[in-house]
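Asks: So that we are looking at the same thing, I have put the structure below in structure tokens.
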Amino acid sequence: MSSLDQLGWDPFFDRQLMDEERARWTPARVVWEGREQYRVSTGGATWSMQLPGRFRHAARTRADLPAVGDWVLVAMRSGDDRVAIHRTLVRRSQFSRSAAGRSTEQQVVAANVDTVLIVTSFNLDFNLRRIERYLALTWESGARPVIVVNKADMCPNREGWRPEIDSVAHGVPMLATSALRGDGMMELDELVRRSGTTVLLGSSGVGKSTLINALTGHDRQSVLPTRDGDDRGRHSTTARQLFCLPRGGVLIDTPGMRELQLWDADAGLDRAFADIQALAGGCRFRDCSHGGEPGCAVLAAVDRKELAADRLDSYRRLQRENHFVRLRHDERAREERTRLAKRSARALRLQDRLRGR
């Protein structure tokens, strides 16, 4: 197996290379990203990557910049520890969210991912509504979700949690683990080994760094204890990083996410709430909002206790959020088109004045 293959290179990416590019540029994968600083690897060697000014200028949005997991073409120069990027290859998948803060902007958390491990834990972090958010964004990304409930050593009756998770997972695999005690780690190692590129996502303090250290067999990531009193995690990971595991498989670690806002997740919401979508087929009105219309099959299921009322509330809340994000994004796009049109008009007027001299 070649080094590129170990990093996840396959025919999908190889077909994107033009003949003239093969002679001049080398494929590499972004294995570290932090504050628009990058490191790339060909498997045999790792370099820091320069992002040329033309590349930044051509990027219409933040999502057009490289992300961890991306494949890029680079030129290596002898005696230099940095490489220059030529272009980023088309992504097969990407896990995106709305960037934290007031601006409405897409943030690509990880690119070219096959499996998403949604990591929560048997403590105060456990939250079904948050799991629903992760599931919606994972289905939207094009990757497969797996729910990992870590810190099993903190729960004497962990099987009692399974019906709660099943109520939102609807067939998504679930694994209970304890990185400290070893519970479920052989199953997790086997899962990651055969899953291509896998990313761990979850809040701070759920034990992602401890899982990384257990899977790699080394203390690659620093680990901080949760805060006393509220069991909240503290950031021990500050950059996104890709690891090749000893027995095969590629694993991406990410900083804990305290905000997980949707980004254009219509299809993901439909998949994550497939039970509600199936019920909605029996509603009297095709555009039923399930908010009180007569003949609503979804509300009837709630009345019969076949559907939890808080799950329906969560679905409607996420739909509203997704709609708002899309409207904000469309508004920003219109503002950008107007700005570019004004710039072009000013340039044309300047050219006309220069011709008139």
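Every read-out reported here was derived from the displayed coordinates using simple, explicitly stated rules and does not represent laboratory data. Computed from a predicted structure; not experimentally measured. Cβ: placed from backbone, ideal geometry, glycine included. Neighbour counts: every protein chain shown.
Asks: Charges only on Cβ, +1 for Lys and Arg, -1 for Asp and Glu: so what's the dipole of segment 94-253 about the Cα centre, in debye to the nearest 20?
Replies: 320
Asks: For segment 285-326, which trypsin sites (Lys or Arg not before Pro) are in a loop by DSSP, counting at most 16 other Cβ atoms within 10 Å?
Replies: R286, R304, K305
Asks: With +1 on each Lys and Arg Cβ and -1 on each Asp and Glu Cβ, and nothing else charged, work out how big the dipole of the chain is about its Cα centre, in Debye to the nearest 20.
Replies: 1960
Asks: Loop-only check: which trypsin sites (Lys or Arg not before Pro) in segment 16-58 are DSSP coil with at most 12 other Cβ within 10 angstrom?
Replies: Filter output for segment 16-58: R35.
Asks: Cysteines without a disulfide-compatible partner in the chain, using Cβ under 4.7 Å as the rule?
Replies: If one checks each Cβ against the other cysteines of the chain, C155, C244, C296 turn up with nothing under 4.7 Å.
Asks: Taking +1 at the Cβ of each Lys and Arg and -1 at the Cβ of each Asp and Glu, which of S3, W32, G43 sits farthest along the dipole of segment 3-88 towards its positive end, judged by Cα position relative to the Cα centre?
Replies: In segment 3-88, that residue is W32.
Asks: Along the charge dipole of the chain, pointing to its positive end and built from +1/-1 on Cβ of Lys, Arg, Asp and Glu, which listed residue (Q261, Q277, P52) has its Cα farthest out?
Replies: With unit charges placed on the Cβ atoms, the residue in question is P52.
Asks: Could you tell me which of P163, Q107, A179 has its Cα farthest along the dipole of segment 94-253 towards the positive end, charges placed at Cβ (Lys, Arg +1; Asp, Glu -1), taken about the Cα centre?
Replies: Q107
Asks: Moving on. Work out from phi, with θ = phi - 60° and the Karplus expression 6.51 cos²θ - 1.76 cosθ + 1.60, the ³J(HN,Hα) of each residue of segment 64-70, listed in order in whole Hz, and give x for Gly and Pro.
Replies: 7, 7, x, 10, 4, x, 5
Asks: I need the trypsin sites (Lys or Arg not before Pro) found in segment 177-212, filtered to DSSP loop residues with at most 13 other beta carbons within 10 Å of theirs.
Replies: Passing both the DSSP loop test and the Cβ count: R181, R194.
Asks: Once amide H atoms are built 1.01 Å from N in the peptide plane, which residues 5 or more positions from S96, or in another chain, come under 5 Å H to H?
Replies: Correct list: V109.
Asks: Also, quick follow-up: Going highest first, how would you order 66-72, 238-244, 45-51, 287-293 by mean Cβ packing within 10 Å?
Replies: Packing order, densest peptide first, comes out as 66-72, 238-244, 45-51, 287-293.
Asks: Using 5 Å bins from zero, what percent of all Cα-Cα pairs in segment 249-310 falls into each bin?
Replies: 4, 15, 19, 18, 14, 10, 7, 6, 6, 2, 0
Asks: Could I ask something else about it? Averaging the inverse of every distinct alpha carbon separation and then flipping it gives the Kirkwood radius. What is it for the chain, in angstrom units?
Replies: 22.6
Asks: Only bridges with both residues in segment 94-253 count here: give the DSSP antiparallel percent, nearest 5.
Replies: 35
Asks: How far apart, in nm, are the 7 Å Cα→Cβ label points at E187 and D64?
Replies: That separation, rounded to one decimal, is 4.5 nm.
Asks: Go through segment 275-289 residue by residue and turn each phi into a ³J(HN,Hα) via Karplus (6.51, -1.76, 1.60, θ = phi - 60°); whole Hz please, and just put x for glycine and proline.
Replies: 5, 6, 4, 5, 5, 4, x, x, 5, 5, 10, 5, 9, 4, 9
Asks: Give me the number: length gained by fully extending E20 to R247, i.e. 0.36 nm times residue separation minus the C-alpha to C-alpha distance, one decimal in nm.
Replies: The E20-R247 span can extend by a further 78.2 nm.
Asks: Using θ = phi - 60° and the Karplus curve 6.51 cos²θ - 1.76 cosθ + 1.60, what whole-Hz ³J(HN,Hα) does each residue of segment 87-94 get, with Gly and Pro shown as x?
Replies: Result, ordered by residue: 6, 9, 6, 4, 7, 7, 7, 7 Hz.
Asks: Pick from D303, D114, D166 the residue whose mean-square fluctuation is largest in a GNM of the chain, springs joining Cα atoms under 10 Å.
Replies: Between D303, D114, D166, it is D303 that shows the largest mean-square fluctuation.
Asks: Percent antiparallel among DSSP beta bridges with both residues in the chain, to the nearest 5?
Replies: Of all bridge pairs located within the chain, approximately 60 percent are antiparallel.
Asks: By how many nm would the segment from K305 to F12 grow when fully extended, if each residue of separation counts as 0.36 nm and the alpha-carbon distance is taken off?
Replies: Length gained, K305 through F12: 100.8 nm.
Asks: Still on this structure, I have one more. Summing -39500 (n - 2.57) over the DSSP H runs of n ≥ 4 in the chain and dividing by its residue number, what mean residue ellipticity at 222 nm do you reach, to the nearest 500 deg cm²/dmol?
Replies: The per-residue figure over the chain is -11000 deg cm²/dmol.
Asks: Tell me the label-point distance for the pair R326, M76, using the 7 Å Cα-to-Cβ offset, in nm and rounded to one decimal.
Replies: 4.6
Asks: Note down the net charge around R62, summing +1 for each Lys or Arg and -1 for each Asp or Glu among other residues with Cβ under 11 Å from its Cβ.
Replies: -1
Asks: Using the 10 angstrom Cβ neighbour count as an exposure proxy, how do S141, S204 rank, fewest first?
Replies: Fewest-to-most ranking of S141, S204: S204, S141.
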